[in-house]
Amino acid sequence: MQSTLRTAVISAAAATLCALTATLAVLAVSRPSILVTAPSASVATTPTLSPGVVTGGDAIVAKKPDLAIVYVGVESKENTASAAQQDLAGKASKLIARAKALGIPDKDINTAGYFVGANYVSDGNIAGYRAAEQLVLKWHNVDSIGKTLDALIQEGGATQISIGFMLADPKAAQAEARTQAIADARSRAQAMASAAGVKLGKVLRVSDLSSYGFRSQTYDVAGAAPASTQVPVGQLDVQVSVEVDFAIDA
């Protein structure tokens, strides 16, 4: 009886072992393989720089301005906001009518700012109301700008006025300055190439680094005297900066 029981136990253990072996075999087949390799040294690559000469060039072209930008305003102070606004409307209408009478077309008359608000005193209380309006006018005859300012103040009733000058179309002056800036860059590159004992080649790249700005004097006129206002126009400086890359010939 014990021999039979021992045989049964051994047979059951063998069967269990076979089943476990089969299960492990199935798992081994179904499990994805993982390949582990030692990291290989990568070949370092360094960018190859083409031989060349990189220089900058600058140029300034002076031109007489042909456009005046006039900032002109009126204001009113009354006990109520409504009264200040109504009074301002009359003053602004008079100023705009005078500007048009000077020959400024509607397209060159724009509103730059409009304000209605309370006037506060040091203790925080309201001491009346203030209304203000500012216009931007374009005046193309810069040589007569002094008389124009007199008319806007003395006849138009303007209480705030300032002006600045510019070119109506600066592209021609910018193109002239750009040509000179590139020539300046070439001259510098040639000097560098000669000093280095190499021959300057063709242009590879040109970059425009300028913001195309120009310096202009701004005048602030608080009030014109009975005599004609004198406003010198002067000249504008149109400045251009470039960067030019040249090749080096063998």
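Within 11 Å, Cβ to Cβ, of Gln154, how many net charges do the neighbouring residues add up to if Lys/Arg are +1 and Asp/Glu are -1?
0
Go through Gly128, Ala97, Ala158 and say which Cα lies farthest out towards the positive end of the charge dipole of region 93-184; charges sit on Cβ, +1 for Lys and Arg, -1 for Asp and Glu.
Final value for the positive-end residue is Ala97.
Based on the Cβ-Cβ distance from Ser228 to Asp169, what FRET efficiency comes out when R0 is 35 Å, to the nearest 0.05?
0.75
Could you work out the relative contact order of region 109-218? I mean the mean sequence separation of Cα pairs under 8 Å and 6+ apart, divided by the number of residues, in percent.
Relative contact order of region 109-218: 19 percent.
Between region 121-161 and region 99-115, what is the C-alpha centre distance in whole Å?
12
What is the distance, in nm, between label points placed 7 Å from the Cα along the Cα-to-Cβ direction at Lys77 and at Asn125?
1.6
Which value, in Å² rounded to 10, gives the accessible area of Thr55 with a 1.4 Å probe and all protein chains present?
About 10 Å², ignoring ligands and nucleic acids.
The values are calculated or read from the model by the stated rules, or taken from the named source; none is laboratory data. Because the structure is a prediction, the values reported are computed rather than measured. Ideal geometry is used to build each Cβ from the backbone, glycine not excepted, and the neighbour counts take in all protein chains shown. To get the accessible areas, we keep the full protein, side chains included, count just its heavy atoms, and leave off ligands, DNA and RNA. Shrake-Rupley method; radii C 1.70, N 1.55, O 1.52, S 1.80 Å.
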